[in-house]
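Q: Quick one: the structure is below, and I'll ask about it shortly.
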Protein chains: 2
Amino acid sequence: MINLGHGANVDDMAAKYNKNPNDILDFSANINPYKIEKLEEYILEGIHKSYNYPDIHYTQLRKNIEEYLGCRSEWIIPGNGATEIMYLLMKCIKGPLAVINPTFSEYERSARLNHVEVVPFYLHKHNSFLIDGDEIRSRINEFESLFICNPNNPTGKVQNIKEILDLLQSHSKLLIVDETFIEFVEDEGTFSLLQYIEDYPNLIIIKAATKFFGLPGIRLGYGITSHQELLKQMFIYKEPWTINSFAENLSNYIFKEQEYIQMTKEFFKTERKRVLNELAAIEHFKTYATDTNFVLIELRSITADQLKKRLFEKYNVLIRDASNFKGLDEHFIRIAIKTPMQNDLLISKLNDECLFEI
Amino acid sequence: MINLGHGANVDDMAAKYNKNPNDILDFSANINPYKIEKLEEYILEGIHKSYNYPDIHYTQLRKNIEEYLGCRSEWIIPGNGATEIMYLLMKCIKGPLAVINPTFSEYERSARLNHVEVVPFYLHKHNSFLIDGDEIRSRINEFESLFICNPNNPTGKVQNIKEILDLLQSHSKLLIVDETFIEFVEDEGTFSLLQYIEDYPNLIIIKAATKFFGLPGIRLGYGITSHQELLKQMFIYKEPWTINSFAENLSNYIFKEQEYIQMTKEFFKTERKRVLNELAAIEHFKTYATDTNFVLIELRSITADQLKKRLFEKYNVLIRDASNFKGLDEHFIRIAIKTPMQNDLLISKLNDECLFEI
C-alpha cells in the first residue's frame, strides 16, 4: 500500500493494537467536533438523488456556494474535496510552484504527479513558523505559482497575506491559497482573500466542507477564481460526476446553517485560548500559537512517535505524529481541539508524567 | 460550460422546456429502475462515517468487492465511479489505445486528456454492430492497449471475447474491458472475463455500482487486475479519499443483496424480450438486439433530435439522442428498459403516429 504521508488511520491503529475502533478518541484529525443537528434529516430528504447521476454541471451546487460566499457562481469550480481542485490546478498552472513547508503534503504530491517542478520554501520555528514576505520577494524569480495554506496546516497561525497577493500580481504570478481552515479564524474577513477575487485574477482560493462543517466523508470542496482562462482549463480536465449526490444534496442545507456556523466560530474563539493555556502549562511541551482548530506542539524530551504510542496504548488517545511534515523533526505533534469534555480528558492524560519518561 | 457529449440532463431539459423535473419520465439514463428496498436503512446506519475521512486504503471496501466477485482484494482498485479507474488507467498504460466506436465517450476523452494516442475502430450496422475479431487481428500492430465495452454501450450486445484476450496476450498487449453492464446479461458467467483475471495479467476489468445497482449518485466503481505493476502505478497516481463515506458504507450491504440481484437478473431476462418485441413492431424503428438494459434504435424517417424533442414536449418522456456517439448518425436513439408499467407507457406513446410525421 502506498504511504501518502497523512495521519494515522483510526481503524489501522485499532487493528494494530487490537483495540475496538469505537473506543478510540481521535485527536489526529483536525475536524470540527460538532455536528449539524439536522444532518440525518437532510440526508434522508436527498436519498432519491443517488438513483440518478449528479448534475454534470453542478448548477445548483455552485449556486449554493455562491450564496454562502457571496461571490459569483461562474467563478466557482466544485470538487471531490479540496484535493480534486489541487490536482486539477496542477494540470493547468505554470511551474515552478513554490510550496511553503511544513504544510499539507498533497500540494507537493499533486504537483509532482503532474510534472510541475516544486520550489520548497521553509517556515522556521525561531520565527514562530510565520511566512517571510521578504524571502518570497527576494526569491520571486524562482517560481511562477505560489501555494499558501492560510491558516497553515500544521502550524495553525493565520497571516495577512494581502501584500504577497499584491507582490505576485505585480509580477504576473499565480497565488493559490488554501483557506480550508479560515472559517475557524476570529475576524475571518480580515484574513480571507475572498474579497479580492474579482480584482485579482491571479488569485485562486480553495475551500472545503471537510473541516469547518465537520464532514470529510462527504467529499465536497471548491475553488474560486475570476481567472476565466484558468477555470476553463480546469473544467476541460475535470472528470465527470466527481461529486456524489449526497454532497450535492447537502450543499442545499449546510451552507445555510447560520446557527451552527456562528456557534462554531464562538466556540473556537474561547476554547482555543483555554486549551492553549492548559497545553502551554505542560512543561514537556513548547506550544505554538494557533488561530484555528488544532495546535502544533514541540516535545522537549521524548519523540512524537514515543508519545503517540504511549497515549494510544495507555489511554486509547490518538494524536498526529507531525514529524513527517517536511521541515518538522521527530519532536513535533499536532493535536485537534475538540469538545471541552474531550479536551479536558486529553489534557488530564497529558498531565500523566509517566508518558514523558525517557 | 464544457459539453462532454453525454446524455441530456433531466434538470436542464426541464428548465429549457419549462417543465417540472418530477414530471419527466427519463428513458435516457440506462440504470436499473428497481431500488434496493433497505437502502435508506443502510444509509442511516452509516451517516456517522461522514464525520471522518474515508479509510485512505479502503480495506473493508475492497474486501466487500472481493467477496462479491470471488477474487482477491489485492487485485482490486476502488474508484469514484468507473470513470476514475479509466482516468487512472490512462496515466499508466502504453499507447496507442484502440477504442471501438460507437462507445462510451469517456474512454477517448480520458485518453486524450492524458496524451494517449487513440486508434479508432468502428462497429458497423450491416454487421449488427458486432466486434470483428479479424479486424483486430489484422490491425494488431496499430495499438498497445485495447478498450472494449462488453456489453457495449450504446449497442447493447454482449460478445464472447475470450479469443481477443488470447490474441492480445500472445502479443503482450493490454486488454481493458468495461463490464459495467455485464450483470444484466443472461448467462453472465460465460461472457465475463473475470474468470481469467488470475491467469491473464494483461487484462483489467472495470465495473461499477452505477448501472446494475441503480446507484450512479453514490459514485462507486472499481478495477480488477492481477497485473501487479499496473495496479501499483495506478495507486501511485490515485488521489486520496476519492470514494465518499456513503459509498464506502453501502459497499457493506449492496453486494450482499442476493434477492435484489437475482430479481433484477430474472426481470431483465423476460422484460428485455418483451420490450424488444414491442419496439420492433413499430414500423418507424429498426431495433438492434440487446443483452442488457437498453436498446439501440435506428429511426427510418425522422431524426433522433426530432423524436426526442417531440416526445419531451408532448409526453414529458426523455430519450437519449445517440447521434453524438462516434460512428452513429443522426437517426440513432437509445432507450432504457425500465419497469413494465413505465415501458408500457413509453411504448404506447411511441405508437402515436404524429410523432413520426415528416
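The values are calculated or read from the model by the stated rules, or taken from the named source; none is laboratory data. The model shown is predicted, which means the values in this text are computed figures rather than measured ones. Because the Cβ atoms are built from the backbone with ideal geometry, glycine has one as well, and the counts that use them run over all protein chains shown. Just the protein is used for accessible areas: all its heavy atoms, side chains included, with ligands, DNA and RNA removed. Shrake-Rupley method; radii C 1.70, N 1.55, O 1.52, S 1.80 Å.
Q: Considering Cα pairs under 8 angstrom that are at least six residues apart, work out the relative contact order of chain A and quote it in whole percent. Write out the running numbers ahead of the final one.
A: Working: 635 pairs, mean separation 83.9, N = 358.
Relative contact order here is 23 percent.
Q: Still on this structure: Does the range B:22-104 classify as rounded, prolate or oblate by the C-alpha gyration tensor (a ≥ b ≥ c root eigenvalues; a/c under 1.5 gives rounded; else a/b over b/c gives prolate, otherwise oblate)?
A: Numbers: a/c = 2.04, a/b = 1.14, b/c = 1.80.
Verdict is oblate for the range B:22-104.
Q: Roll a 1.4 Å probe over the protein chains and send me the accessible area per residue for the range B:89-176 in Å². Show your work: numbers first, answer last.
A: On the way: 3450 Å² over 88 residues.
Result: 39 Å² of accessible area for each residue.
Q: Using a 7 Å offset from the Cα along the Cα-to-Cβ direction at both residue A:22 and residue B:229, what is the distance between the two label points in nm, to one decimal?
A: Each label point lies 7 Å from its Cα, and together they span 4.7 nm.
Q: What length, rounded to one decimal in nm, is gained on full extension from residue B:59 through to residue B:263, with 0.36 nm per residue of separation minus their alpha-carbon distance?
A: Details: separation 204, 0.36 × 204 = 73.44 nm, distance 2.92 nm.
So the extension gain works out to 70.5 nm.
Q: In the Gaussian network model of chain A, springs joining C-alpha atoms below 10 Å, which of A:48, A:57, A:115 carries the largest mean-square fluctuation?
A: Looking only at A:48, A:57, A:115, the biggest GNM fluctuation is shown by A:48.
Q: For a quick check, take a GNM of chain B with Cα springs below 10 Å and name the residue from B:292, B:210, B:190 with the largest mean-square fluctuation.
A: Highest fluctuation of the listed residues: B:190.
Q: Given a Förster distance of 22 Å, report the FRET efficiency between residue A:166 and residue A:94 from their Cβ-Cβ distance, rounded to the nearest 0.05. Don't jump to the answer; show the numbers that get you there.
A: Values: r = 19 Å, r/R0 = 0.88.
Using R0 = 22 Å, I get an efficiency of 0.70.
Q: Next question. Can you give the mean number of other chain Cβ atoms that lie within 10 Å of the Cβ atoms in peptide A:217-224? Walk me through the numbers before you get to the answer.
A: Details: counts 17, 7, 12, 1, 0, 0, 0, 0.
Averaged over the peptide's residues, the number is 5.
Q: As I understand it, the dipole of the range A:52-256 uses +1 on the Cβ of Lys and Arg and -1 on the Cβ of Asp and Glu, about the Cα centre. Which of A:138, A:164, A:56 lies farthest toward its positive end?
A: Farthest towards the positive pole: A:56.
Q: Let me know the mean shielding of A:77-89 by other chains, meaning the per-residue number of their Cβ atoms within 10 Å of its Cβ. Numbers along the way, then the final one.
A: Working: counts 0, 0, 0, 8, 6, 0, 4, 4, 0, 1, 4, 0, 0.
Per-residue shielding by partner chains comes out at 2.
Q: Per-residue counts of other Cβ atoms within 10 Å, averaged by peptide: what ranking do you get for A:220-227, A:169-176, A:90-97, highest first?
A: Details: A:220-227: 23.5, A:169-176: 17.2, A:90-97: 19.5.
The most tightly packed comes first, giving A:220-227, A:90-97, A:169-176.
Q: Continuing with this model, one more query. Considering chain A as a Gaussian network with a 10 Å cut-off on Cα pairs, which listed residue, A:116, A:185, A:158, attains the greatest mean-square fluctuation?
A: The residue that fluctuates most here is A:116.
Q: Using protein chains only and a probe of 1.4 angstrom, how many square angstrom of residue B:329 are accessible, to the nearest 10?
A: Counting only protein heavy atoms, the figure is 50 Å².
Q: Please give every one of the lysines within straight-line cross-link reach of residue A:308, meaning a C-alpha to C-alpha distance under 23 Å, and leave out same-chain neighbours fewer than 8 residues apart.
A: By straight Cα distance, residue A:308 reaches A:16, A:19, A:125, A:211, A:286, A:326, A:338, A:349.
Q: Would you mind telling me the share, in percent, of accessible area of the range B:52-256 contributed by carbon and sulfur at probe 1.4 angstrom? Spell out each step's value before the answer.
A: Numbers: 3060 of 6640 Å².
Here carbon and sulfur together make up 46 percent of the probe-accessible area.
Q: Which one of A:70, A:230, A:241 is farthest out on the positive end of the charge dipole of the range A:52-256, using unit charges on Cβ (Lys, Arg +1; Asp, Glu -1) and the Cα centre as origin?
A: A:241
Q: I would also like to ask the following. Could you give the size of the charge dipole of chain B about its Cα centre, using +1 on the Cβ of each K and R and -1 on the Cβ of each D and E, expressed in debye and rounded to the nearest 20?
A: Details: 40 positive and 51 negative charges, 89 e Å.
Dipole about the Cα centre, nearest 20: 420 debye.
Q: How many nanometers, to one decimal and shortest first, lie between the label point of residue A:235 and those of its other copies, if labels sit 7 Å from Cα toward Cβ?
A: 3.7
Q: From the square roots a ≥ b ≥ c of the eigenvalues of the alpha-carbon gyration tensor of the range B:192-263, which class results: rounded (a/c under 1.5), prolate (a/b over b/c), or oblate? Can you show the working numbers first?
A: Working: a/c = 2.69, a/b = 1.30, b/c = 2.07.
The shape class here is oblate.
Q: Quick check on chain A: take the gyration tensor over C-alpha atoms, sort the square-rooted eigenvalues as a ≥ b ≥ c, and tell me if it's rounded (a/c under 1.5), prolate or oblate. Show your work: numbers first, answer last.
A: On the way: a/c = 1.71, a/b = 1.24, b/c = 1.38.
The shape class here is oblate.
Q: Which FRET efficiency value, to the nearest 0.05, is calculated for residue A:37 and residue B:281 with the Förster distance at 51 angstrom and r the Cβ-Cβ distance?
A: Values: r = 56 Å, r/R0 = 1.10.
FRET efficiency, residue A:37 to residue B:281: 0.35.
Q: Kindly state, as a whole number, the per residue volume in cubic angstrom of the convex hull around the alpha carbon atoms of the protein assembly as shown.
A: Values: hull volume 112.3 nm³, N = 716.
Measuring per residue, one finds 157 Å³ for the Cα hull of the protein assembly as shown.
Q: Okay, moving on. At 7 Å along Cα-to-Cβ for each site, give me the label-to-label distance between residue B:15 and residue A:67 in nm.
A: About 1.4 nm separates the two model spin labels.
Q: Taking the Cα centre of the range A:179-338 as origin, work out the dipole magnitude from +1 charges on Lys and Arg Cβ and -1 charges on Asp and Glu Cβ, in debye rounded to 20.
A: 580 debye
Q: Then there's this: Rg and Dmax of the range A:1-155 over Cα atoms: what are they, in angstrom?
A: Both quantities, over Cα of the range A:1-155: 19.8, 55 Å.
Q: With Rg and the Kirkwood Rh both taken from Cα atoms, where does Rg over Rh land for the range A:52-256?
A: Values: Rg = 16.2 Å, Rh = 17.1 Å.
Rg/Rh for the range A:52-256 comes to 0.95.
Q: Other chains' Cβ within 10 Å of B:56-68 residues: what's the mean?
A: On the way: counts 9, 7, 1, 5, 1, 0, 0, 0, 0, 0, 0, 0, 0.
Partner-chain Cβ atoms within 10 Å, mean over residues of B:56-68: 2.
Q: Can you compute the helix-only [θ] at 222 nm over the protein assembly as shown? Use -39500 (n - 2.57) per DSSP H run of at least 4 residues, normalise by all residues, nearest 500 deg cm²/dmol.
A: Numbers: 26 runs with 253 residues, N = 716.
So the helix-based figure for the protein assembly as shown works out to -10500 deg cm²/dmol.
Q: Hey, got the dipole for the range A:52-256? About the Cα centre, +1 on K and R Cβ, -1 on D and E Cβ, debye to the nearest 20?
A: On the way: 19 positive and 26 negative charges, 87 e Å.
It works out to roughly 420 debye.
Q: Taking R0 as 60 Å, what's the FRET efficiency between residue A:357 and residue B:186 from their Cβ-Cβ distance, rounded to 0.05? Spell out each step's value before the answer.
A: On the way: r = 68 Å, r/R0 = 1.14.
Rounded to the nearest 0.05, the efficiency is 0.30.
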